[in-house]
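Heads up: the structure comes next, in structure tokens.
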Amino acid sequence: APRVLNVNVGVLGHIDSGKTALARALSTTGSTAAFDRAPQSRARGITLDLGFSCLRTALPPQLGPGPGELQFTLVDCPGHASLIRTIIGGAQIIDLMMLVVDVTKGMQTQSAECLVIGQIACQKMVVVLNKIDLLPEGKRQSAIEKMTKKMQKTLENTKFCGCPIVAVAAKPGGPEAPEHENPLGVSELIEVLKSQAYLPSRDPLGHFLMAVDHCFSIKGQGTVMTGTILSGSVSLGDNVEIPALKVTKKVKSMQMFHTPVTYAMQGDRVGICVTQFDPKLLERGLICTPESLHTIHAAIISLKKIQYFRGALQTKAKFHITVGHETVMGRVMFFSPAPADFNEEIKENVFDFEKDYLYQEEYLSKDSNSSDENKENDQAEVQLPRQQWALLEFEKPVTCPKLCLVIGSKLDTDIHANTCRLAFHGVLLQGMEDKNYMETFLPKLKVYKLKHKEGQVERVMDDYSVIGRSLFKKETNIQIFVGLKVKLSTGEDGIIDGGFGQSGKFKIRIPDGLKPDTKMLLTVASKKKSKAGKGDTTKEDESSKNDSAQPVTISLHFKRYVFDMQKKMIQS
């Protein structure tokens with residue numbers, strides 16, 4: 001057989017922009033999942049799931065000499081906002097994206113979200129302006145030109161700047177029109193798709209992993225799983241694992257678009273028949289080489305904020321986290337390199353457990369609060385780290401490949417609010433398979449918080465020691481602070497020596513002795529205090545407030561590792 005090159009084309013866009021009609025107009029062979037076959041899809045008149053169909057054409061010259069066919073597998077993604085999980089799943093198997101825009105409406109909320117997903121997961125894009133039959137003939141050309149200019153402007157600052165924009169009417173007259181109405185512009189679109197086709201990098205090596213999007217049984221044959229191979233390859237007779245069901249099955253037969261095959265590899269769209277099991281148990285999910293996926297309870301990811309997401313990304317906030325092909329709720333904690341390493345080159349796709357990292361209350365970006373404080377001294381250019389990470393803790397365990405794409409979103413935002421719900425995207429660097437990861441794994445993660453306490457010098461004991469107060473609460477165990485270094489506001493360095501009395505006061509040793517000026521200052525202050533103390537009614541606290549002499553303050557700085565069970569305090 002002549003070689004067939006498969007390119008996966010995602011058909012994405014806002015609801016009702018005509019994606020399914022376009023896929024139908026383009027394709028020659030529908031697969032089992034194509035064109036809204038699902039009963040609830042037909043009843044509601046919208047695509048609920050990924051639909052697949054294919055279009056075959058002669059191999060264009062840029063893809064190599066010799067006879068052969070180019071097969072576009074069209075992945076029709078739902079446009080309905082609540083189905084964004086499905087779209088994210090679809091985008092990970094796409095080589096080329098078609099963004100379908102209703103020419104009478106232009107960009108809409110979900111078209112923008114699809115564009116964001118495309119930028120994360122896809123290399124090339126073609127914009128299709130659909131429904132041009134709704135424009136009056138006399139003004140059609142000028143309306144198309146106007147919308148084309150508008151789209152070019154929208155794409156200016158994206159990686160799809162300058163991509164082709166094609167105007168079509170996939171189903172002139174709308175869904176009710178007779179079937180013989182010929183679509184407009186579709187053959188031109190096919191030529192554009194051919195010109196954009198490229199040899200996607202395909203690698204048969206590595207573990208077999210396939211995203212299954214449909215599952216059904218055939219009497220006397222077994223159960224068929226159809227999907228797209230994300231990595232590796234599969235042959236007749238191989239064993240494949242279905243992690244969700246914790247079973248391993250043998251491959252009995254395989255088909256690609258109704259043609260039997262004995263082998264399939266990364267990027268191929270294939271149906272795999274295995275020994276019988278109940279197809280209802282696996283509507284969609286992953287199948288793989290036995291034992292090649294891990295099920296994790298938490299993960300460390302490297303991440304970037306999505307620029308269109310409004311609002312800060314706060315530590316401890318909950319997001320919908322899409323990992324591989326699953327979406328679960330998860331809580332995040334952001335951290336960055338230690339400030340001294342902000343500019344250091346970070347190795348891609350590895351996480352270094354030897355390094356120290358700084359805990360962040362939120363993801364640092366030009367518009368985040370932590371950088372607002374720095375903006376007050378206007379000249380200071382806000383320093384942002386080259387890379388930031390997050391610890392994700394999932395509400396239920398997730399099965400996924402290592403190093404997979406992660407997207408965080410706020411899917412509970414009002415669907416009709418005109419705002420991007422995708423918050424961040426990243427790469428899973430390290431998964432935690434142990435349920436008790438808090439004890440077994442997290443102590444290895446050296447994320448620290450900087451702590452700062454302030455107190456005041458109460459009085460001088462002698463040239464080498466003073467008594468301090470207000471640094472600790474009455475109930476604090478001062479023993480654990482013994483030996484920590486402090487600094488007086490007058491410049492002397494001291495060391496905490498131990499508690500003094502029962503009220504949270506403490507003794508500080510000053511190894512180099514107090515400066516004469518400091519002694520003077522403190523003697524004046526305590527004389528005033530004792531005068532005030534003679535009239536019994538004025539309490540010591542009040543007298544300290546009325547001090548005209550500046551009190552001498554004590555500063556204690558230390559860092560504490562967030563996951564250190566002993567809560568040790570560390571000073572450099």
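Miscellaneous remarks
- Taking the average, over residues, of other Cβ atoms within 10 Å as the packing measure, peptides 57-63, 384-390 rank 384-390, 57-63 from highest down.
- The slack in the chain from SER201 to GLU181, taken as 0.36 nm per residue of separation less the alpha-carbon distance, amounts to 3.3 nm.
- Accessible area in square angstrom per residue, segment 109-162, 1.4 angstrom probe: 52 Å²
- Length released on extending from LYS105 to ARG386, taking residue separation times 0.36 nm less the Cα-Cα span: 97.3 nm
- Along the axis of the charge dipole computed for segment 209-288 (Cβ charges of +1 for Lys and Arg, -1 for Asp and Glu, origin at the Cα centre), the listed residues GLY220, SER253, PRO279 are led at the positive end by GLY220.
- Amide H contacts under 5 Å for THR490, placed H, 5+ residues apart: THR553
- Solvent-accessible area per residue, Å², over segment 209-288 with all protein chains present [probe radius 1.4 Å]: 44 Å²
- Packing, as the average of other Cβ atoms within 10 Å across residues, places the peptides 469-479, 193-203 in the order 193-203, 469-479, highest first.
- Between ILE570 and LYS304, the FRET efficiency estimated from the beta carbon spacing at R0 = 30 angstrom works out to 0.50.
- Relative packing of peptides 13-25, 348-360 - highest average C-beta neighbours within 10 Å first: 13-25, 348-360
- Residues in segment 446-488 reached by a label modelled at THR523 [backbone nitrogen below 20 Å; 7 Å Cα→Cβ]: 457-468
- Counted by Cβ distance under 13 Å from LYS451, the other residues give a net charge of +4, where Lys and Arg count +1 and Asp and Glu count -1.
- Label-to-label distance, nm, for residues given as ASN239 and LEU403 (7 Å Cα→Cβ offset): 2.6 nm
- Residues in segment 275-300 reached by a label modelled at SER217 [backbone nitrogen below 15 Å; 7 Å Cα→Cβ]: 275-283
- Cβ-derived FRET efficiency at R0 60 Å, GLU475 paired with THR262, nearest 0.05: 0.20
- Proximal lysines relative to LYS474, as straight alpha-carbon distance under 16 Å, when same-chain residues fewer than 8 apart are discounted: LYS453, LYS505, LYS507
- Span per principal axis, largest first, for the Cα atoms of segment 403-444 (Å): 44, 19, 14
- Contour excess over end-to-end distance, with Cα ends at VAL328 and PHE351 and 0.36 nm allotted per residue: 6.0 nm
- Summing Lys and Arg as +1 and Asp and Glu as -1 over all other residues whose Cβ lies under 15 Å from the Cβ of PRO290 gives a net charge of 0.
The values are calculated or read from the model by the stated rules, or taken from the named source; none is laboratory data. Computed from a predicted structure; not experimentally measured. Note that each Cβ is placed from the backbone with ideal geometry, even for glycine, and that neighbours are counted across all protein chains shown. The area values use the complete protein model at the heavy-atom level, side chains included, leaving out ligands, DNA and RNA. Shrake-Rupley method; radii C 1.70, N 1.55, O 1.52, S 1.80 Å.
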